[in-house]
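The values are calculated or read from the model by the stated rules, or taken from the named source; none is laboratory data. In this text the structure is predicted, and so the values were computed from the model without any measurement. Every residue, glycine as well, gets a Cβ built from its backbone with ideal geometry; the counts of neighbours run over all protein chains shown. For the accessible areas, the whole protein counts, side chains as well, though only heavy atoms, and no ligand, DNA or RNA atoms are used. Shrake-Rupley method; radii C 1.70, N 1.55, O 1.52, S 1.80 Å.
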Amino acid sequence: NVTHTLTARVLLLIVCRCAVACMSCPLTPLFSVLLTLLAASYTDSSDDETSPRDKQQKNSKGNGDFCIKNIKQADFGRREIEIAEQEMPALMALRKRAQGEKPLAGAKVVGCTHITAQTAVLMETLSALGAQCRWAACNIYSTQNEVAAALAEGGFSVFAWKGESEDDFWWCIDRCVNLEGWQPNMILDDGGDLTHWIYKKYPNMFKKIKGIVEESVTGVHRLYQLSKAGKLCVPAMNVNDSVTKQKFDNLYCCRESILDGLKRTTDVMFGGKQVVVCGYGEVGKGCCAALKAMGSIVYVTEIDPICALQACMDGFRLVKLSEVIRQVDIVITCTGNKNVVVREYLDRMKNGCIVCNMGHSNTEIDVASLRTPELTWERVRSQVDHVIWPDGKRIVLLAEGRLLNLSCSTVPTFVLSITATTQALALIELYNAPEGRYKQDVYLLPKKMDEYVASLHLPTFDAHLTELSDEQAKYLGLNKNGPFKPNYYR
């Protein structure tokens, strides 16, 4: 933790150099290794502020069709990807099964997702299945620069780096899409920004695009709006509402990563803290369960009476945000909505209140209302800002209201394997579907596919499924091999 600040790193650098100089010290070899690591850390942190857009970089093969922070980090990124592969059994199984067949041969996939080691495993799997890929980031803070470098070194056209500006964000998406002689025929989106950009700038591209795969609640909402207005030009697959995404990624991923994100950024102790979680969908359920287990006093806000009743039955007190805003220590949004925490609530928060968002979009907290002359912004560490009122009160704002876990920490690889496998199968399904199977509408994944994704992950736990007898299957009216749930089951 002490290496968070530049000053601390410089001091440690001096201490280690002194220790290494003292040859009689038995810990000299250890300090020597630490010195090397700190020097690398110091170099990385003090890297020039030149925008990647102004750099000319090429990989070892002479290819320069990418824009990332630093291609020299490729080896480090490759090791990150190799670690992730160990926790993504289903994608690795798909690769093995694709050795003889290429279900995505001819597919040109343009993607806009978080660029992490787990996404890299997905991209390399799509490539092994026969697809060409071009990729941008869906979040300006979540890109792992070393992973982007490894992908660029591997020949992928990646346009992303951690800490992009808003202008950089849209520039990267445009570079992904706008390449002479290359026309995408599949879209893999997370949040709908890529789809929106193509609709806005290159609508003629949809003449050759076979389908859209979308994994976030925000992006799915946009697709349903397009469909309702009769403006959806191609079939779209709603991965967000698949069982494998809702029940695993949204719930279990957030249950683990909420604590990681808060602890890394604030070093807060959770025991006894009063926390309000806005929204009790799968993400909210995961956050509440984790915080409750750590001894926090958890309140929930909710608009849906069904989710509200679930919160009550799970032992949480259902409140309006206005009722507890003055007393809580932490505010977490996870609704997928906009203006959940507005300036009125921010003004009433107690000194030191931590404010963060676990939803995909940065619309839940009204951060724009805090950029006024009377308020002072103070950067504490990466992704952590103090916003200070004239009377000295301050709140701790994380990731400027953007997605906390992927902006400030990491997420469990195994859970992302489930979502990534679902995305890959959705791409295969839409790309290979005969003409007429899917119309210009939004579809859910067939339950058979959900169950297949789950089954690919069971061997990791040495799990053994019970099989129905013929008599049992007939009694239930099911096929012995599934699907075991109706298509409307969520």
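If the condition is being part of a helix (DSSP H, G or I) and open to solvent by less than 10 Å² (accessible area, probe 1.4 Å), then the range 179-216 contributes LEU194, THR195, ILE198.
Among the conditions (1) farther than 17 Å from GLY401 by Cβ; (2) in a helix (DSSP H, G or I); (3) touching a residue at least 40 places away in the same chain (Cβ under 8 Å), the only one that VAL283 does not satisfy is (1). Which of the residues that make up the range 448-490 are at pLDDT 90 or above, open to solvent by 60 Å² or more (accessible area, probe 1.4 Å), in a loop (DSSP other than H, G, I, E, B) and not polar (S, T, N, Q)? ASP462, HIS464, LEU465, GLU467, GLY477, LYS480, PHE484 - these are the residues of the range 448-490 that are at pLDDT 90 or above, open to solvent by 60 Å² or more (accessible area, probe 1.4 Å), in a loop (DSSP other than H, G, I, E, B) and not polar (S, T, N, Q). Scanning the range 403-447 for residues that are within 20 Å of ASN250 (Cβ to Cβ) and assigned to a helix (DSSP H, G or I) yields a total of 20. Counting only residues that are open to solvent by less than 10 Å² (accessible area, probe 1.4 Å), modelled with pLDDT of 95 or more and either under 14 Å from GLY154 (Cα atoms) or in contact with a His (Cβ under 9 Å, 6 or more places away or on another chain) (or both), the range 75-94 holds 2 of them.
Scanning the range 230-277 for residues that are among the small types (Gly, Ala, Ser) and in a loop (DSSP other than H, G, I, E, B), which turns out nearest to the chain's Cα centre (by Cα)? Talk me through it step by step, then tell me what you get.
Let us first name the residues in the range 230-277 that are among the small types (Gly, Ala, Ser), namely 230, 236, 242, 257, 261, 271-272.
If we keep only those that are in a loop (DSSP other than H, G, I, E, B) too, we end up with 230, 242, 271-272.
Working: GLY230: 30, SER242: 17, GLY271: 27, GLY272: 29 Å.
So, considering only residues that are among the small types (Gly, Ala, Ser) and in a loop (DSSP other than H, G, I, E, B), the one nearest to the chain's Cα centre (by Cα) is SER242.
Take the residues in the range 373-391 that are assigned to a loop (DSSP other than H, G, I, E, B), open to solvent by 40 Å² or more (accessible area, probe 1.4 Å) and not charged (D, E, K, R), then tell me which one is farthest from MET269 (Cα to Cα).
Narrowing the range 373-391 to residues assigned to a loop (DSSP other than H, G, I, E, B): 373-375, 382-383, 389-391.
Retained after the next criterion (residues that are open to solvent by 40 Å² or more (accessible area, probe 1.4 Å)): 373-374, 382, 390-391.
Those left that are additionally not charged (D, E, K, R): 373, 382, 390.
On the way: PRO373: 32, SER382: 20, PRO390: 28 Å.
Only one residue tops the list, namely PRO373.
Would you confirm whether any residue within the range 162-169 is closer than 22 Å to ASN337 by Cβ and out of contact with any strand residue (DSSP E or B) (no Cβ under 8 Å at 6 or more places or on another chain)?
In the first step, residues of the range 162-169 are kept if they are closer than 22 Å to ASN337 by Cβ; the result is 166, 169.
Pick out the ones that are also out of contact with any strand residue (DSSP E or B) (no Cβ under 8 Å at 6 or more places or on another chain) and you get 166.
Yes, that holds for at least one residue.
Looking at (1) modelled with pLDDT of 95 or more; (2) of a type outside the set (S, T, N, Q); (3) at negative phi, which one does GLY295 not meet, given that it meets all the others? Among (1) modelled with pLDDT of 95 or more; (2) of a type outside the set (S, T, N, Q); (3) at negative phi, GLY295 violates only (3). Checked against (1) in contact with a helix residue (DSSP H, G or I) (Cβ under 9 Å, 6 or more places away or on another chain); (2) under 16 Å from ARG134 (Cβ atoms), CYS233 meets all criteria but (2). When you look at GLY281, is it open to solvent by less than 50 Å² (accessible area, probe 1.4 Å), more than 30 Å from ARG437 (Cβ to Cβ) and either within 23 Å of the chain's Cα centre (by Cα) or not aliphatic (A, V, I, L, M) (or both), yes or no? Criteria met by GLY281.
When the residues of the range 421-447 are filtered to those that are of a type in the set (Lys, Arg) and touching a residue at least 40 places away in the same chain (Cβ under 8 Å), the one that is least open to solvent (accessible area, probe 1.4 Å) is LYS447.
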